[in-house]
Amino acid sequence: MIQNKSYSADQSCVLCNSAVGYQKKFNRFEKDNRSYEIIICPGCRLWITQPFPDQEHLDSLYSTNNYRKHHSRFVLPAEKIVEFFRKLRCRRIKNLFYKGRILDIGCARGLFLSLMREEGWKTFGLELNDNTAHHARNVIGLDVKSGNLSDAHFGVQSFDVITIWHVLEHLSDPILTINECNRILKKGGKLVIAVPNTESLQAKISGRFWFHLDIPYHLYHFNVRNLRLLLGRFSFKINKIRHFSFEFNPFGYLQSFLNISRIEHNLLYNLLKTKSIRKSLLSRTRRSKFIMHLSLTAILTPFFIPLSLILAVIEAVMRHGGTIEVYATKRDDD
Ligand SMILES: [Zn+2]
């Protein structure tokens, strides 16, 4: 159960224990008639969304059309691209570990897990949303539990690989989650975490318009140092950090640039969703205003695409990728 967590300015940092106290990073994100802000630890530069949405609001956020209830999230061409990227994920894991038992935390529709199953892996999933978990279980036939990791009661050292693709930032207690991963992962097992990177070039350029901020879904916002601190608390050794993601980073720039241009927030991204999801996301602005935003998107996108691609490569070379993928091993000497 999520607590209605709030951090006070005089509190020491939850991650680095810095006693300086949290400071304000961004104020006033208005979402669904609620107001949020982001605070930052001056020590480790961890960002935290404040206040956390309460459990009731969070349930409604994840159960509406908005999130991952449906089998298809995007219009067909975008859906094909998502499938292609899931295959690449699958290949990266296969290069990491020969074959074994894998747990995907926040497995959503189970696209990645079903590909791993085809490769002969024993697959297990965890999904917060019960409707989505039900679909993965009953339609795709995957072994998926719904709820939080600590409630799933997996056995000690029962997995060879655990993956957390763009989910850690959604969790109300990421420290507890990594602690539990440490318990259920075998010695020598691999933990893979992908998150947006607040120290990235695109985060710095975009500020509060950054596509990957995703308020109020993202509760914690990490950088490389934060993940080093988090994994270092347990018996994990980081082997590799990828700073280029063709799936996330160029689009992060593109949508951020459109947001900076004051076009309706995340309009292009929302237009890529299936019709039923799209209807609930697009704001009910006047038709003429909507057409103007649509036209601006159509005019600016061809200019922003090459710029986004170039910047995504530059930030990766600088080791400041918009999203990062961390590969860690559980030490044998635990
Ligand atoms: Zn800190």
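When you scan the range 78-92, do you find a residue that is within 22 Å of L230 (Cβ to Cβ) and within 16 Å of the ligand (Cβ to nearest atom), even just one?
No, every residue in the range 78-92 fails to be within 22 Å of L230 (Cβ to Cβ) and within 16 Å of the ligand (Cβ to nearest atom).
So N223 ticks every box in (1) buried (at least 24 other Cβ atoms within 10 Å of the Cβ); (2) in contact with a Ser or Thr (Cβ under 6 Å, 6 or more places away or on another chain) but one. Which box is left unticked?
That leaves (1) as the condition not met.
From the residues in the range 10-34 that are in contact with a Phe, Trp or Tyr (Cβ under 7 Å, 6 or more places away or on another chain) and over 20 Å from P174 (Cα atoms), which one is farthest from the ligand (Cβ to nearest atom)?
F29
Can you tell me which residue in the range 130-144 is nearest to N223 (Cα to Cα), limited to those that are touching a helix residue (DSSP H, G or I) at 6+ places or on another chain (Cβ under 8 Å) and crowded, with 20+ Cβ neighbours inside 10 Å?
Among them, the one singled out is V144.
Taking the options T177, T163, name whichever one is assigned to a strand (DSSP E or B), in the same structural domain as R89 (by TED's automatic domain parsing) and β-branched (V, I, T).
So the residue among T177, T163 that is assigned to a strand (DSSP E or B), in the same structural domain as R89 (by TED's automatic domain parsing) and β-branched (V, I, T) is T163.
Which one of the conditions (1) within 16 Å of the chain's Cα centre (by Cα); (2) in the same structural domain as V167 (by TED's automatic domain parsing) does S206 fail to meet, given that it meets all the rest?
Unmet condition: (1).
Could you please let me know if K273 is in contact with a strand residue (DSSP E or B) (Cβ under 7 Å, 6 or more places away or on another chain), more than 23 Å from T163 (Cβ to Cβ), in contact (Cβ under 8 Å) with a residue 24 or more places away in the chain and not aromatic (F, W, Y)?
Against the criterion (in contact with a strand residue (DSSP E or B) (Cβ under 7 Å, 6 or more places away or on another chain), more than 23 Å from T163 (Cβ to Cβ), in contact (Cβ under 8 Å) with a residue 24 or more places away in the chain and not aromatic (F, W, Y)), K273 qualifies.
Would you list the strands (runs of 3 or more DSSP E) that sit entirely within the range 21-134 and hold 3 or more residues that are over 22 Å from H265 (Cα atoms) and over 18 Å from the mean Cα position of the chain (by Cα)?
The qualifying strands (runs of 3 or more DSSP E) are 122-127.
Just name the residue that is surrounded by the fewest Cβ atoms within 10 Å (Cβ to Cβ) out of those in the range 299-334 that are touching a Gly at 6+ places or on another chain (Cβ under 6 Å) and not in a loop (DSSP other than H, G, I, E, B).
K330
For L61, indicate whether it is under 25 Å from N148 (Cβ atoms) and either assigned by TED's automatic domain parsing to the domain that holds D130 or away from the ligand (no atom under 11 Å from the Cβ) (or both).
When the stated conditions are applied, L61 passes them.
For the structure I just gave you, tell me whether R242 is without any contact (Cβ under 8 Å) to a residue 24 or more places away in the chain, of a type in the set (K, R) and surrounded by fewer than 19 Cβ atoms within 10 Å (Cβ to Cβ).
Details: without any contact (Cβ under 8 Å) to a residue 24 or more places away in the chain: no; of a type in the set (K, R): yes; surrounded by fewer than 19 Cβ atoms within 10 Å (Cβ to Cβ): yes.
Judged against the criteria, R242 is not a match.
Filter the range 206-226 down to the residues that are aliphatic (A, V, I, L, M) and within 17 Å of E315 (Cβ to Cβ) and list them by number.
Filtering the range 206-226 down to residues aliphatic (A, V, I, L, M) leaves 213, 215, 219, 224.
Residues satisfying the conditions are L213, V224.
The values are calculated or read from the model by the stated rules, or taken from the named source; none is laboratory data. The shown structure was predicted, so the numbers you read here are calculated from the model rather than taken from an experiment. Cβ coordinates were reconstructed from backbone atoms using ideal geometry, including for glycine residues, and neighbour counts include every protein chain displayed.
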